[in-house]
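Asker: One structure follows; several queries about it will come next.
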Amino acid sequence: MGWLPIAGVAILWAGAAAAEVGMRALAFTDPADGGMARAVVWYPTDAPETPVRRGPFRFQVAEGGPVAEGSHPLVVVSHGSGGSAFGHADTAMALARRGYVVAAVHHRGNAFDDDRDAGTERMWRKRPAQLSATLDHLLAEPELADRLDGERVGALGFSAGGYTVLVAAGGVAELGRIAAHCRTPPAGERFCHLGNEETQARIEARDPRIRAAVLMAPVGVPFSKDGLAGVTIPIRLYRAERDEQIAASQVEGLRDRLPVPPEYEVVRDAGHFAFLMPFPAAIAAEVGPPAWDPPGFDRTAFHERLNAEIADFFDRALAIERQGR
């Protein structure tokens, strides 16, 4: 459901760039329990990029550089269960090159380095609150706030992050639907082997600042048609054709229950983790399943297309005009 067992993973970006990319880490109060919450922010900058290491990994970024002048649209990112704020670094950097500020939440209690809440009611409840707290902090951060357009905010979520974004977008999650689904789970779906706690809780935490969303292989089963009635923002929805974690019925059911039909794509031959950034072949064995793809699937080529599609979607959905396009 989005597991990523490493702390600081990123890639060396290649190719022509429309802007330099800056990066900084943020720390602030987690609203769930008063502990320390974290997020990583990518943004356009005029500062020069240099190689930056995170453990055995490196990538090109202007670490700590100033945010470029202007009023930039914002995208908040929610990783999958057991994942990392760096899991979608290439997508974040692609958006930053298009002028976006991108903030990836590191979900405390449901990340690779702190997964104590996995499968519990706490996990489902805390995630949307952490997403909104990240947005609160960004819009109040002195060095960022005056460079952000708070009227143009999108959200991107993968797997359990898709659930997170849907709740923030106005969905009401009925956690009892998870247990009902898992009593007779679809053949081969690993979602039901993750120890989901049986509970009848309802989770409601709409954040009206979010105006558009991208959902990639999302957990969709907690949402009934009535529970999705309040989700009226533009949505782009992806399903992986060979997803071993989230059954097709979860994503297709979500598509059919949304009150406003989403843009929808089935990614042919893709496994669940295809939406995570490509990993260098030399570390694929160390990373494990998040780095692996079905035979014949080219994750790097897919991400070249995916990142452009996501940027184009947010441009349209948030009504952002680009000169020369």
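The values are calculated or read from the model by the stated rules, or taken from the named source; none is laboratory data. Everything numeric in this text was worked out from a predicted model, so none of it was measured. Cβ sites come from the backbone with ideal geometry, for glycine too, and all protein chains shown count toward neighbours.
Asker: Please list, ordered by first then second residue, the pairs with beta carbon atoms under 9 Å, 6 or more apart or interchain, first in segment 265-285 and within 15 Å of A301 (Cβ to Cβ), second β-branched (V, I, T) and surrounded by fewer than 21 Cβ atoms within 10 Å (Cβ to Cβ).
Answerer: Going by the 9 Å Cβ cut-off, the qualifying pairs are A274/V267; F275/V267; M277/I11; P278/I11; P278/T300; F279/I11; F279/V287.
Asker: Name, by its number, the condition in (1) in a helix (DSSP H, G or I); (2) modelled with pLDDT under 95; (3) among the acidic types (D, E) that does not hold for E321.
Answerer: (1)
Asker: Looking at segment 110-124, I want the residues that are under 16 Å from A85 (Cβ atoms) and have a partner that is assigned to a helix (DSSP H, G or I) with Cβ atoms under 6 Å, at least 6 apart or on another chain. Which pairs are those?
Answerer: Between residues of segment 110-124 that are under 16 Å from A85 (Cβ atoms) and residues that are assigned to a helix (DSSP H, G or I), the close pairs are N110/M123.
Asker: Also, I was wondering about something else. Residue by residue through segment 124-139, note down the ones that are surrounded by fewer than 23 Cβ atoms within 10 Å (Cβ to Cβ) and over 14 Å from A39 (Cα atoms).
Answerer: Result: R125, single match.
Asker: For the structure I just gave you, tell me whether A10 is in contact with a helix residue (DSSP H, G or I) (Cβ under 6 Å, 6 or more places away or on another chain), at pLDDT below 85 and either part of a strand (DSSP E or B) or crowded, with 18+ Cβ neighbours inside 10 Å (or both).
Answerer: Judged against the criteria, A10 is a match.
Asker: Right, next: What residue, among those in segment 266-309 that are of a type in the set (F, W, Y) and under 18 Å from the mean Cα position of the chain (by Cα), is surrounded by the most Cβ atoms within 10 Å (Cβ to Cβ)?
Answerer: F273
Asker: Scan (1) within 23 Å of A104 (Cα to Cα); (2) assigned to a helix (DSSP H, G or I) for the single condition R255 breaks and write down its number.
Answerer: (1)
Asker: Return yes or no: is A37 closer than 23 Å to A160 by Cβ, modelled with pLDDT of 95 or more and not in a loop (DSSP other than H, G, I, E, B)?
Answerer: The answer is no for A37.
Asker: On the basis of being at pLDDT below 95 and touching a Leu at 6+ places or on another chain (Cβ under 7 Å), does A282 make the cut?
Answerer: No.
Asker: So, in segment 242-257, of the ones that are of a type outside the set (G, A, S) and surrounded by fewer than 22 Cβ atoms within 10 Å (Cβ to Cβ), which residue ends up nearest to I310 (Cα to Cα)?
Answerer: R255
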